[in-house]
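Read-outs throughout are calculated quantities, based only on the coordinates presented, and are distinct from any laboratory measurement. These numbers were taken from a predicted model, which means no experiment stands behind them. Every residue, glycine among them, receives a Cβ derived from its backbone with ideal geometry; neighbour counts consider all protein chains shown.
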Amino acid sequence: MTEATWAVAPPPEQMPQTIPDLLNLSRILFNEVPRSLRRRVYGIPYVRLDDTTGGRLWVTRHGWQHLPHLDPAKWYLDGQFSRRGKRLSEGSGAVYRVSSTVSVGRPIELVVKFSRMAQDLPLDVSSQFPGGVPRHVVDAAEFNDPFQEFGLLEELRNSRCGPSSLRVRTKRPLAIYSPGKRFELWQLGRTEDRFRQHARQLVEDQETLEHGMKAVEMSIDRQYVYLFHWVRGIDAQSLMQAGALSAPEASALVVNVIEDLAATGFRVLDNKPGHVILRKRPAGRLLRRDGRLVYALVDFELLQRTERYRRWRETAGVAGTTHRQGGW
Ligand SMILES: Nc1ncnc2c1ncn2[C@@H]1O[C@H](COP(=O)(O)OP(=O)(O)OP(=O)(O)O)[C@@H](O)[C@H]1O
Ligand SMILES: [Mg+2]
């Protein structure tokens, strides 16, 4: 689309909704949405909504309370995420921060991130893998697909594997959007074999659904876009550049994060200061609890379970192959 076309696009608050009946739907409790709209993938309940442009939106429990803001008319159509949004320049992928313009409910800052499922890992990503990760894990590293990533992220957020006092804070996964447009394989940079593996895993998961629940599928020729909640604060890389955090403090922080994740049963292969968000107190000092910096994590494209966690799940008798989140 050209700049000229964008210039005449109506402001987002006047863009018509693309999801029919959205406001009425948003008044229904997540647990009470009609059965025909319910889906479950890797243990996570979603509401599946179709828009009038051929797009599909899968909304999580976290996203449901912000539903009016998630309509693609408010952040996607006419390239709003890039026109109005701020590209998050530290990232190697396509990631934007977009403010909502919807006046209904609480205002929200969205993070719009394009999935890199089935693409090659760029060298600048794999070169950030820390030492200590087993060689076979590094060699087999792959970007998560969107449903896998949301499933793992919820598992991490709710993990009971580590000490009960340990909760790893993260950005909240709100929804997955797949626009109606179809692409050639080369345009999305996907490898067929890699995509087939993701699709096969999804089919295996969907075969375990209770009777009557409709299955979710992914298409090799469609894009998938994540919607996350923006985490207030400043990332440790920016704090370091601003002189508010020393390099040794930033390194110690990343080591803490790796240890906390490991205790919880997870690892993120490309952990780095840019992925760790810290909070400043009103007086300007960084927020600490029991002497440790309070942090939230924001990038889970390379989130994985550890072997120890897999064994723990087996012995703890966690049902099925995935964590199961309440809903339906
Ligand atoms: N939900 C969020 N809340 C706050 N900050 C965020 C959030 N998501 C991303 N950011 C900021 O934007 C940066 C880029 O986002 P992200 O790491 O997800 O992109 P990426 O393309 O995967 O980058 P990289 O290749 O560096 O991993 C992050 O380093 C972080 O500073
Ligand atoms: Mg990343």
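Side notes on the structure shown:
- Applying both filters, DSSP loop and at most 10 other Cβ atoms within 10 Å, to the trypsin sites (Lys or Arg not before Pro) of segment 247-328 gives Arg285.
- Hits among lysines - C-alpha to C-alpha of Lys74 under 25 Å, sequence gap 8 or more where chains match: Lys86, Lys113, Lys171, Lys181
- Here Lys280 is the anchor, and the aspartates and glutamates within straight C-alpha reach of less than 19 Å, apart from those fewer than 8 places off in the same chain, are Glu109, Asp235, Glu249, Asp290.
- Sequentially through segment 227-239, phi angles give Karplus couplings (6.51, -1.76, 1.60; θ = phi - 60°) of 10, 10, 7, 5, 9, 5, x, 9, 6, 5, 5, 5, 5 Hz, Gly and Pro residues having no value and appearing as x.
- Radius of gyration, Dmax [segment 101-254; alpha carbons; angstrom]: 18.7, 57
- Taking 37 °C and 0.692 mPa s as conditions, the chain diffuses translationally at an estimated 156 µm²/s according to Stokes-Einstein applied to its Kirkwood radius (Cα pairs).
- Descending principal axes extents, segment 245-328, alpha-carbon based, whole Å: 47, 28, 25
- Relative intensity of segment 44-187 on a log10 scale, I(q)/I(0) at q = 0.19 Å⁻¹, equals -1.39, per a Debye sum over C-alpha point scatterers of equal strength in the absence of solvent.
- Intensity falloff of segment 43-107 expressed as log10 I(q)/I(0), Debye formula with alpha-carbon point scatterers, at q = 0.20, 0.27, 0.28 Å⁻¹: -0.95, -1.21, -1.21
- Ordering 247-256, 202-211 by mean Cβ neighbour count within 10 Å, with the highest value first, yields 247-256, 202-211.
- Debye equation applied to the C-alpha atoms of segment 214-255, log10 I(q)/I(0) at 0.14, 0.15, 0.28 Å⁻¹: -0.58, -0.60, -1.00
- Screening the chain for whole DSSP H helices with an alpha carbon extent of at least 20 angstrom along the helix axis and a mean Kyte-Doolittle hydropathy of at least -1.0 yields 247-264.
- Contact order for segment 3-231, expressed relative to its length and based on alpha carbon pairs under 8 Å spaced 6+ residues apart, stands at 25 percent.
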